[in-house]
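A.B. asks: One structure is given below, represented as structure tokens, and several questions about it will come after.
The values are calculated or read from the model by the stated rules, or taken from the named source; none is laboratory data. What you are looking at is a predicted structure, and each value in this text was computed from that prediction instead of being measured. Every residue, glycine as well, gets a Cβ built from its backbone with ideal geometry; the counts of neighbours run over all protein chains shown.
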Amino acid sequence: MRRLDTITGGADRLRIGSWRGDPSVALLSPTPGITPSSSGLARALDELRARGYRSVLTPALTAIEQPPFAAIGFTVHERLHLLGHDLRRVPEPRAPGTRLRRGRQRDITDVLAVDGLAFDRFWRFDAPGLADARTATPHARFRVATVDGRVVGYHVTGRAGTLGYLQRLAVHPDLHGRGIGTALVGDSLDWCRRKGCASVLVNTQEGNRRALRLYEHLGFRTEPTGLAVLELPLDDGPAR
Ligand SMILES: CC(C)(COP(=O)(O)OP(=O)(O)OC[C@H]1O[C@@H](n2cnc3c(N)ncnc32)[C@H](O)[C@@H]1OP(=O)(O)O)[C@@H](O)C(=O)NCCC(=O)NCCS
């Protein structure tokens, strides 16, 4: 199900694949903790051109991860807020009339349908995108919210050591404002706290006021340095 290939060379370790399955837009991901060299990035771009991609995006990068990409011509596609939670005050993982349960393989179609309604075209998940989110960290929790047996929301939360990551949160637009998002965030934070996390991170688009308000209302604090998705058109020959 995974769609990313790994390019290695020297100390470089970069993953390449399609952005949400789009055959013209590539995703180029550095390995966390490894700063890519300019020659490693140039090699990866050559490979992406050879595969016929027209442009390339990065995942959400921290301020420390961005400079090698900026140095070869990447510019900001979208800025994101990064928020952290200290797990001192965790909301109730409950909403009236809603049940939270483990997400199963047979829920994937319904989960992707909710995701597709909740997010715009650029951000919505396809099946490999959801699989990537669920396997990005050594441990993960995948919970769905149901109303009358129908999947109406979900979260994916990852954990690496004592750091938790709320990777994805979505609620069916017809049911926004009923506390389902709050319950899902409560489940995510409660799981991280039970597993010994010291804090939980989440990111959200700068313009996503509803999600930002929800997270801040539930005790997340915006970190001073945000994240950015970077982009580079691939039509103009090698970026050396
Ligand atoms: C962000 C999102 C998950 C929130 O889900 P939700 O179920 O609407 O969230 P809640 O109902 O718990 O809370 C949303 C608001 O409704 C309010 N609310 C909660 N229960 C309520 C109720 N019974 N009646 C009225 N309002 C209520 C909350 O106080 C909150 O208001 P606030 O934002 O002013 O604080 C949802 O809007 C969504 O799926 N958005 C698109 C995807 C997205 O942005 N995901 C997160 C990006 S990282």
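A.B. asks: Going by what's in this entry, would Arg94 be described as over 20 Å from Ala26 (Cα atoms) and at pLDDT below 95? Walk me through how you get there before you give the answer.
C.D. replies: Numbers: over 20 Å from Ala26 (Cα atoms): yes; at pLDDT below 95: yes.
For Arg94, the condition - over 20 Å from Ala26 (Cα atoms) and at pLDDT below 95 - is met.
A.B. asks: Let me ask another. Give segment 109-129 a look and list any residue that's more than 14 Å from the ligand (Cβ to nearest atom) and either closer than 24 Å to Gly179 by Cβ or among the polar types (S, T, N, Q) (or both), or say none.
C.D. replies: Here is the first cut: in segment 109-129, the ones more than 14 Å from the ligand (Cβ to nearest atom) are 109-110, 126-128.
Residues satisfying the conditions are Thr109, Asp110.
Residue-by-condition table, conditions (1) outside the structural domain of Gly186 (by TED's automatic domain parsing); (2) surrounded by fewer than 18 Cβ atoms within 10 Å (Cβ to Cβ); (3) hydroxyl-bearing (Ser, Thr, Tyr):
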| site | (1), (2), (3) |
| --- | --- |
| Gly73 | yes, yes, no |
| Pro91 | no, no, no |
| Arg94 | no, yes, no |
| Gly97 | no, yes, no |
| Gly103 | no, no, no |
| Arg106 | no, yes, no |
| Ala113 | no, yes, no |
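A.B. asks: Moving to a separate point now. Which condition breaks for Arg106 when tested against (1) within 25 Å of Leu214 (Cα to Cα); (2) away from the ligand (no atom under 14 Å from the Cβ); (3) charged (D, E, K, R)?
C.D. replies: With respect to (1) within 25 Å of Leu214 (Cα to Cα); (2) away from the ligand (no atom under 14 Å from the Cβ); (3) charged (D, E, K, R), Arg106 is out only on (1).
A.B. asks: Taking segment 183-240, which residues are of a type in the set (Gly, Ala, Ser) and modelled with pLDDT under 95?
C.D. replies: The first filter runs over segment 183-240 and keeps only residues of a type in the set (Gly, Ala, Ser), leaving 183, 186, 188, 196, 198-199, 207, 211, 219, 226, 228, 237, 239.
Within segment 183-240, Gly207, Gly226, Gly237, Ala239 meet the criteria.
A.B. asks: If a residue must be within 11 Å of the ligand (Cβ to nearest atom) and either in contact with a Gly (Cβ under 9 Å, 6 or more places away or on another chain) or assigned by TED's automatic domain parsing to the domain that holds Ile180 (or both), how many such residues does segment 202-215 contain? Break it down into steps so the answer makes sense when it comes.
C.D. replies: To start, the set of residues in segment 202-215 that are within 11 Å of the ligand (Cβ to nearest atom) comprises 202-205, 207-215.
Now drop any that are not either in contact with a Gly (Cβ under 9 Å, 6 or more places away or on another chain) or assigned by TED's automatic domain parsing to the domain that holds Ile180 (or both), which leaves 202-203, 210-211, 214.
The number of residues fulfilling the criteria is 5.
A.B. asks: Could you run through segment 39-71 and say how many residues are hydroxyl-bearing (Ser, Thr, Tyr) and surrounded by fewer than 18 Cβ atoms within 10 Å (Cβ to Cβ)?
C.D. replies: The initial filter retains those residues of segment 39-71 that are hydroxyl-bearing (Ser, Thr, Tyr), namely 39, 53, 55, 58, 62.
Then drop every residue that is not surrounded by fewer than 18 Cβ atoms within 10 Å (Cβ to Cβ), which leaves 39, 55, 62.
Total meeting the criteria: 3.
A.B. asks: Here is a further query. What single numbered condition from (1) assigned to a helix (DSSP H, G or I); (2) away from the ligand (no atom under 11 Å from the Cβ); (3) farther than 26 Å from Thr58 by Cα fails to hold for Gly181?
C.D. replies: Exception for Gly181: condition (2).
A.B. asks: In segment 123-164, what residues are touching a residue at least 40 places away in the same chain (Cβ under 8 Å) and among the polar types (S, T, N, Q)?
C.D. replies: Thr135, Thr146, Thr157
A.B. asks: Are any residues in segment 181-203 aliphatic (A, V, I, L, M), buried (at least 23 other Cβ atoms within 10 Å of the Cβ) and more than 12 Å from Phe220 (Cβ to Cβ), and if so, which ones?
C.D. replies: Hits for segment 181-203 are Ala183, Leu184.
A.B. asks: Could I ask something else about it? Can you find, within segment 143-178, the residue that is nearest to the chain's Cα centre (by Cα) among those that are within 8 Å of the ligand (Cβ to nearest atom) and in a strand (DSSP E or B)?
C.D. replies: Residues of segment 143-178 that are within 8 Å of the ligand (Cβ to nearest atom), as a first pass: 153, 166, 168-173, 175-178.
Next cut, in a strand (DSSP E or B) only: 153, 166, 168-171.
Values: Gly153: 16, Leu166: 8, Arg168: 6, Leu169: 10, Ala170: 12, Val171: 16 Å.
Only one residue fits best here, namely Arg168.
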